[in-house]
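Working notes, beginning with the structure itself.
The values are calculated or read from the model by the stated rules, or taken from the named source; none is laboratory data. Bear in mind that the values here come from a model prediction, so they are computed numbers and not experimental data. A quick note on method: Cβ atoms are made from the backbone with ideal geometry, for glycine too, and the neighbour counts reach across all protein chains shown.
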Number of protein chains: 2
Amino acid sequence: MARPSDLQAPRGTRDFYPEDLRLRSWLFAHFREVSRRFGFEEVDAPVVEHAELFTRKAGEEIVEQLYHWEMHDRHLALRPEMTPSIARMVMARAGALRLPLRWFTVTQNWRYERMTRGRKREHFQWNMDVWGEPGVGAEAELLAAIFALLERVGLGGGQVRIQLNSRALLEETLRAGVLRERPEAFEPLCVIVDKLAKIGADAVVEQLRDPAGAVRLSADEARDVVGLLGVTGLDDAAAAAPPGSHAVAELRRLFELLAAYGVADRVDFDASVVRGLAYYTGVVFEAYDADRKLRAVCGGGRYDRLLETLGGPRIPAVGFGFGDVVIAELLADHGLLPALARGLDDVVCALGEAQRPAAIALAQRLRASGRSVELVLGDTRPKRVLADADKAGAARVWLLGPDEAARGVVRVRELATGAERDEALS
Amino acid sequence: MARPSDLQAPRGTRDFYPEDLRLRSWLFAHFREVSRRFGFEEVDAPVVEHAELFTRKAGEEIVEQLYHWEMHDRHLALRPEMTPSIARMVMARAGALRLPLRWFTVTQNWRYERMTRGRKREHFQWNMDVWGEPGVGAEAELLAAIFALLERVGLGGGQVRIQLNSRALLEETLRAGVLRERPEAFEPLCVIVDKLAKIGADAVVEQLRDPAGAVRLSADEARDVVGLLGVTGLDDAAAAAPPGSHAVAELRRLFELLAAYGVADRVDFDASVVRGLAYYTGVVFEAYDADRKLRAVCGGGRYDRLLETLGGPRIPAVGFGFGDVVIAELLADHGLLPALARGLDDVVCALGEAQRPAAIALAQRLRASGRSVELVLGDTRPKRVLADADKAGAARVWLLGPDEAARGVVRVRELATGAERDEALS
């Protein structure tokens, strides 16, 4: 006898019944169609990887949340994100791949997190990445693809906005300032300041000052950093940056390109966006519902040094991840979840075992023409068959009784109108 | 610096580069299309389940091969097969689901196995299951769906045959004979005799006699059992079965139905097929390449008591699993792996930064019409762009230089013919 807990999906994971899976397939089809239109190619990597691949260059949070275990002398983990696996794949064929690469994935990832609205321990994620292009033209393509997806699912009217910053800008500014002497503190600083919205300014200052931490600023310096994160206009950020800032010039160019895509009015510069992963190096961005009620719809950025840190060549890269959970919450909030029918065309029923071979032949003929056909297996009382077919959304029921069989016909009922007719069986 | 082993996919797992993923998507699309035509609905369950779900009713081999670990006081496992998860889902909604259910899945499963040809530590598997139908009409539908898939991928000419048996027949025969006094030994007996082809008759006899095992036959009894497994005709099997055997009648009815589907000539009765999982109760089957060079292409059977053993109601069920690895080997052996192009339609290139906004607008317009469009990001030398577009299989290249922009046109080159023309930009 089973303990009840065994008979439920583990907490934070999901069963997909037919209606859930139809919705998931609908969303994935949009992910794939947008990717196809932008000329991206789909790839995939193992769900189980060596744990080291994920712990080497990630921020502390992702390491704490890793599903990992030792087995046969290997330290294995479920992938918490796709980027390290994709980096591994790029590196393995670095010499043979035509750059820039445009790759996308639609895959499941796992993180052992505390659960709140829009947060589970697994989710599916659409990733698009460009490898081998250093310019912000790549960022512009990716942001345009995100908006193309949002438009396809009915969220093209400003219900989602993208907040965008540049770690390169923050890095330039801090290395001309408080990190002048300790540039290596920049990455751990990013992991801390990413938590600003979650833990508040005081806690961030505390962690930046922690004498046992990797950053170790003075109180004044820590408060200066938090002040920088409050800048919301690109002009103000430019004023705080060193003169002739390359990062500022790139951000200005990016906004020009976004205007050409017709999406610049839905993108805001926001200096508080830094992202939690250690490996980002340039533009970083997050998309949120305009009311800021939900977690990020998607997020991404540039990670030009990741391949080098894995021991590979320097290939610049930029990408994003777009989950299936928050977007579904948002679509539900806006009444935009589609009502997706099962798509059954025909129900074929033999009234009596003697008619079954003829019913099978008919069902097979209809299937060969591309129709979705349910062959009734058990209870063949016509009343129950018709009611079930109606509930299942079928268009047509084909009834094969002894009388029809004797005349070489089948009785066809159109469920929408109730009209019936006989059709020749062969 | 990384250790090299971290930078490879774990042994027995696969990276899917674009060409690999195109093949996988092609196969999955066939799985889904056949399922749709047969009126089946897609479902999914978590990759990570409570380990107990898989160890309770499985044979010993699957328990040894489980990827499992303890974490936060939970014993978790990667699913080695879909059936227990689907059973859990059916049980959770047993009262509300319209029976018979026709469900299918296309999912990834994991087993820590020794690796040989056609065997990895993960594979994708197509499952189709019918829940709530006790008659062999369900088996016939499933076998017909397998042949429909084989026909779609070019293997409709007898390159694959199905070997079929009935555990109910074996059970009836043994319970009237050597297991008269100990019917509970039937399930462990099946797990042992499933290994006949792998370990040979002597080793099977040895295990059936093992005084520390669950079966404990005498030497004569064990040899009788192995003898029964050698029967290849249904008439011979019927002669060995108790008079008035229900299982024999069902098998005869199944072959009649298979004839109506036009597939009976590709299905053989074979008493040695018992399948390795403990939970099967009735018809069991496996598909093999006609030359028997590869592992089973697919396998399945009836498991009418599984839901009861999980503490749920008694709902009869039958299903199969069809992996992605062996079928790919077989298609390769027959030269039937399709050459799948990337499907890129257009390449759009701005010759100079000033033309980029116009190139973006053009690319977006082509994408909005449904075309797959690569916007050139980096190196824009026309010669390289044309060579790359040709290699990528694009149909058309759109070049936007300063001269064209001044005239409000774009230069279009058809790559198949080399023909060029100017087209108005707006």
Problem set entry | Residue check for B:Glu141: surrounded by fewer than 18 Cβ atoms within 10 Å (Cβ to Cβ), part of a helix (DSSP H, G or I) and either at pLDDT 90 or above or of a type in the set (A, V, I, L, M) (or both) | no
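Give the residue that is surrounded by the most Cβ atoms within 10 Å (Cβ to Cβ), with candidates limited to residues of the stretch B:352-376 that are in a loop (DSSP other than H, G, I, E, B) and modelled with pLDDT of 95 or more.
Step one: filter the stretch B:352-376 for residues in a loop (DSSP other than H, G, I, E, B), giving B:352, B:369-372, B:376.
Pick out the ones that are also modelled with pLDDT of 95 or more and you get B:369-372, B:376.
Working: B:Ser369: 9, B:Gly370: 11, B:Arg371: 17, B:Ser372: 20, B:Val376: 27.
Within the stretch B:352-376, the match that is surrounded by the most Cβ atoms within 10 Å (Cβ to Cβ) is B:Val376.
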For this session: Would you point out the residue of the stretch B:236-284, among those that are modelled with pLDDT of 95 or more, of a type in the set (Gly, Ala, Ser) and assigned to a helix (DSSP H, G or I), that is surrounded by the most Cβ atoms within 10 Å (Cβ to Cβ)?
Result: B:Ala247
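Filter the stretch A:288-307 down to the residues that are part of a strand (DSSP E or B) and within 25 Å of A:Val90 (Cβ to Cβ) and list them by number. Lay out the reasoning, then the answer.
First, pick out the residues of the stretch A:288-307 that are part of a strand (DSSP E or B): A:288-289, A:298-302.
A:Cys298, A:Gly299, A:Gly300, A:Gly301, A:Arg302, listed by residue number.
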Problem set entry | Conditions (1) among the hydrophobic types (A, V, I, L, M, F, W, C); (2) at pLDDT below 95; (3) under 30 Å from A:Gly200 (Cα atoms): number failed by A:Leu307 | (3)
Exercise. For residues in the stretch A:178-204 being among the β-branched types (Val, Ile, Thr) and free of Cβ contacts under 8 Å to residues at least 60 places away in the same chain, which is surrounded by the fewest Cβ atoms within 10 Å (Cβ to Cβ)?
Worked result: A:Ile199
For this session: Name every residue in the stretch A:377-400 that is touching a residue at least 12 places away in the same chain (Cβ under 8 Å), in a loop (DSSP other than H, G, I, E, B) and surrounded by fewer than 17 Cβ atoms within 10 Å (Cβ to Cβ), in order of residue number.
Result: A:Gly393, A:Ala395
Seminar exercise, completed: The condition from (1) buried (at least 19 other Cβ atoms within 10 Å of the Cβ); (2) under 18 Å from the mean Cα position of the chain (by Cα); (3) not basic (Lys, Arg) that A:Pro316 misses is numbered (2)
Problem set entry | Subset tally (residues that are more than 8 Å from chain B (Cβ to nearest Cβ), at pLDDT 95 or above and outside any helix (DSSP H, G or I)) for the stretch A:1-51 | 1
For this session: Please go through the stretch A:311-350 and pick out each residue that is away from chain B (no Cβ under 14 Å) and more than 21 Å from A:Leu142 (Cβ to Cβ).
Result: A:Ala328, A:Glu329, A:Leu331, A:Ala332, A:Asp333, A:His334, A:Gly335, A:Leu336, A:Leu337, A:Pro338, A:Ala339
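Mind listing just one residue for me: the one in the stretch A:83-115 that is of a type in the set (Lys, Arg) and in a loop (DSSP other than H, G, I, E, B) and, of those, surrounded by the most Cβ atoms within 10 Å (Cβ to Cβ)?
Of the residues in the stretch A:83-115, the ones of a type in the set (Lys, Arg) are A:88, A:93, A:98, A:102, A:111, A:114.
In the following step, the residues that additionally are in a loop (DSSP other than H, G, I, E, B) were identified as A:93, A:98, A:111, A:114.
Numbers: A:Arg93: 11, A:Arg98: 9, A:Arg111: 20, A:Arg114: 8.
That would be A:Arg111.
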